[in-house]
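Here is the structure we will look at.
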Ligand SMILES: Cc1cc2nc3c(=O)[nH]c(=O)nc-3n(C[C@H](O)[C@H](O)[C@H](O)COP(=O)(O)OP(=O)(O)OC[C@H]3O[C@@H](n4cnc5c(N)ncnc54)[C@H](O)[C@@H]3O)c2cc1C
């Protein structure tokens, strides 16, 4: 220990300013998710950043990799996606592993319902198509690549469904699951359909 | 004389013109009446806080965020015996008062940079706050009290440039050329419309004469009330040992090719009108002035993640070094940006949360370069701003360090909508500013180095440049004003939101200081009650 210290201080003397400055530089890591995604990744409506706590590790990985590879968050009209993509661009595989580990340490607490104007009864009918992949209780299904929807921020679900419908998300040729979503979401038809189905999902818990 | 032409179809008659002038007369009359009734502000003093000494049983104060408003609260409350703890999530104090120097980290999420500027006192860049208007008296009062050296900030420089591909074949013209000729032409138009016919009401002969001489001098008209160029724009040659030769006029039709005038001519009015100041050595010297007194109270890398207001106090949960901590206090002052606060667990009343959620965040963007030599000084430019119609918009030349070898210049500033540059990679941003800047300074690309960019929308712990309360540019709606008043009031008399976000004039340090002072005065009054 002492030896390392001596060698180190000698370096500083001989090479001068640069190495001293380098060692004084502010350290950092890539654990900056909570600035946007809120306390323990519970989502922040103020910046439209969704809940990460409780998201499946395989789903997180796929999305982070899609953002990093410019598969998601590239359409100019996808406001939230285009905000997220540059934040993932420089993540290394190790950082992605670390972030996923970190996220799994947060408690899952379901989000509060915030949206108004949806009709959950009609939504139940529409949800039938979703249930095939996402499960009757919206708890997700890894083998089909479908994440849980229950407990997610409803405003986020609404935005994403709208984005799928308009082709702002899922249009990239390498976004296989996104393409599936685009087909499925067409059955919701319009904003009213989206509000209905999300207000039904709000009734499901996991 | 034919009526003045405005646009293609609408013409202004002399009668309309005089009515307009009459309306101005009306304003003058109203002004007089107004001041007689005491409706107009008198030259006000900086606020003086007269806080009572802390009650020893209730003196613990939590301050969330070491922004200017948080530091103001810490400084004032410490003076009267409160025990303050400041929790700051980043590695530095000052928030949006951010001066970047050699070795500093610019913590943009996904695009971290270390500043490589030379390590010298004048080689800094004010990435956030940069100008202090002389009317921001509360901020200036702290500068005086904390003995912070100020110097003049040069906002307008007549030798700086304006550049627009539509104007002058894309070759930049000097500020002085644009302003002198534009004033000349405007004055000529005015003079013509006034002299064409007898001067009836609303003027007396002597008023009319004064007005005419004002117009003449505004535009430097000749004795026939015509604009024939002016030496105000400087000389084409000579002027000292030889006769000065007047520059050629730039035709009005040419000047009208650019839309920039409407931004350019008022760029040094209002909040950015003279006098403006900056802190000597960087705006964060102001922050240093505060931290000299309260710096020991700051816990860095301490990210607040829950605020619970209770009947007998307030609990703040925060993370530091990967562990959870709890801070229990009697009162709390919070300058965490509203859009971040909405993601932090809290038990605030619904209306209060609605107000926090209502505020949108701005996207201002700045960039800077180190110049290998002060090339602008060779073009007679010392300080000030050149304006471009391209997205980089501005080049700022430093207001200090004249005639030194190097200097730091601002290479882009989009204060209204920085989304374009924010969306780019670092390399794309820099290339854009070089391409834009070389339209003014042809050798720019070779003269600058060590670029930095600051996209406030993506800065860690900030995620925005300043609060946007108004959805419409028309002014505040009734609903917006109500939400603002809700946010200004404390929760349970214990938790105050502060910062320029709790003002009607965001994006100024003065507003951050005044919001803190407002909260402190309210706090003190409640304790007395
Ligand atoms: C580009 C730009 C140009 C500007 N130009 C000028 C100018 O010329 N003149 C002028 O007077 N003003 C200017 N301003 C405005 C001025 O900088 C601000 O009004 C002022 O600094 C705001 O201070 P504040 O107290 O509101 O706190 P802020 O500076 O907003 O500080 C908030 C603090 O909270 C911290 N924080 C965030 N999240 C957490 C958390 N979870 N836990 C703990 N801490 C947290 C942040 O790290 C930060 O330190 C400019 C601002 C910008 C961005």
Handout entry: Of the criteria (1) at pLDDT 55 or above; (2) surrounded by 12 or more Cβ atoms within 10 Å (Cβ to Cβ); (3) away from chain A (no Cβ under 14 Å), which one residue B:112 fails
Key = (3)
Completion exercise
Selection over the range B:275-293 where residues are away from the ligand (no atom under 14 Å from the Cβ) and either within 14 Å of chain A (Cβ to nearest Cβ) or within 18 Å of the chain's Cα centre (by Cα) (or both) yields a count of 1
Problem - Among (1) away from chain A (no Cβ under 14 Å); (2) assigned to a helix (DSSP H, G or I); (3) within 12 Å of the ligand (Cβ to nearest atom), the one test that residue B:457 misses - result: (1)
Fill in the blank from the handout: Filtering the range B:488-509 for residues that are crowded, with 24+ Cβ neighbours inside 10 Å and either in a helix (DSSP H, G or I) or at pLDDT below 95 (or both) leaves a count of 4
Practice task
Just give me the residues in the range B:317-345 being more than 9 Å from the ligand (Cβ to nearest atom) and within 19 Å of residue B:60 (Cβ to Cβ), in sequence order.
Solution key: B:317, B:320, B:325, B:326, B:327, B:328, B:329, B:330, B:331, B:332, B:333
Handout entry: residue B:145 within 14 Å of chain A (Cβ to nearest Cβ), more than 16 Å from the ligand (Cβ to nearest atom) and at pLDDT 95 or above
Key = no
Exercise for the section: Would you be able to tell me the number of residues in the range B:84-96 that are in contact with a strand residue (DSSP E or B) (Cβ under 8 Å, 6 or more places away or on another chain) and near the ligand (Cβ under 8 Å from one of its atoms)? Expected result: 4
Practice task
Any chance you could count how many residues in the range B:348-380 are within 22 Å of the chain's Cα centre (by Cα) and closer than 30 Å to residue B:259 by Cβ?
Solution key: 10
Handout entry: The lone exception for residue B:517 - which of (1) more than 16 Å from the ligand (Cβ to nearest atom); (2) on the phi < 0 side of the Ramachandran plot; (3) not in a strand (DSSP E or B) it fails
Key = (1)
Exercise for the section: Taking the options B:46, B:62, B:66, name whichever one is modelled with pLDDT of 95 or more, within 16 Å of the ligand (Cβ to nearest atom), more than 14 Å from chain A (Cβ to nearest Cβ) and within 20 Å of residue B:138 (Cβ to Cβ). Expected result: B:66
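Quick one: which residue in B:181, B:136, B:122 is within 11 Å of the ligand (Cβ to nearest atom) and away from every other protein chain (no Cβ under 14 Å)?
Being within 11 Å of the ligand (Cβ to nearest atom) and away from every other protein chain (no Cβ under 14 Å) holds for just one of B:181, B:136, B:122, which is B:136.
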Completion exercise
For the range B:421-434, the count of residues that are in contact (Cβ under 8 Å) with a residue 24 or more places away in the chain and away from the ligand (no atom under 13 Å from the Cβ) equals 6
Fill in the blank from the handout: The condition of being within 16 Å of the ligand (Cβ to nearest atom), more than 25 Å from residue B:63 (Cα to Cα) and within 24 Å of the chain's Cα centre (by Cα) holds, among B:499, B:437, B:418, only for B:418
Practice task
Identify the residue in the range B:77-109 that is part of a strand (DSSP E or B) and over 22 Å from residue B:409 (Cα atoms) and, among all such residues, is nearest to the other protein chains (Cβ to nearest Cβ).
Solution key: B:87
Problem - Residue within the range B:51-67 that is at positive phi and surrounded by fewer than 24 Cβ atoms within 10 Å (Cβ to Cβ) present - result: no
Handout entry: Residue list for the range A:42-55, restricted to those being touching a residue at least 60 places away in the same chain (Cβ under 8 Å), touching a helix residue (DSSP H, G or I) at 6+ places or on another chain (Cβ under 6 Å) and over 16 Å from residue A:160 (Cα atoms)
Key = none
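The values are calculated or read from the model by the stated rules, or taken from the named source; none is laboratory data. Source: prediction; values computed, not measured. Cβ atoms come from the backbone with ideal geometry, glycine included; neighbour counts cover every protein chain shown.
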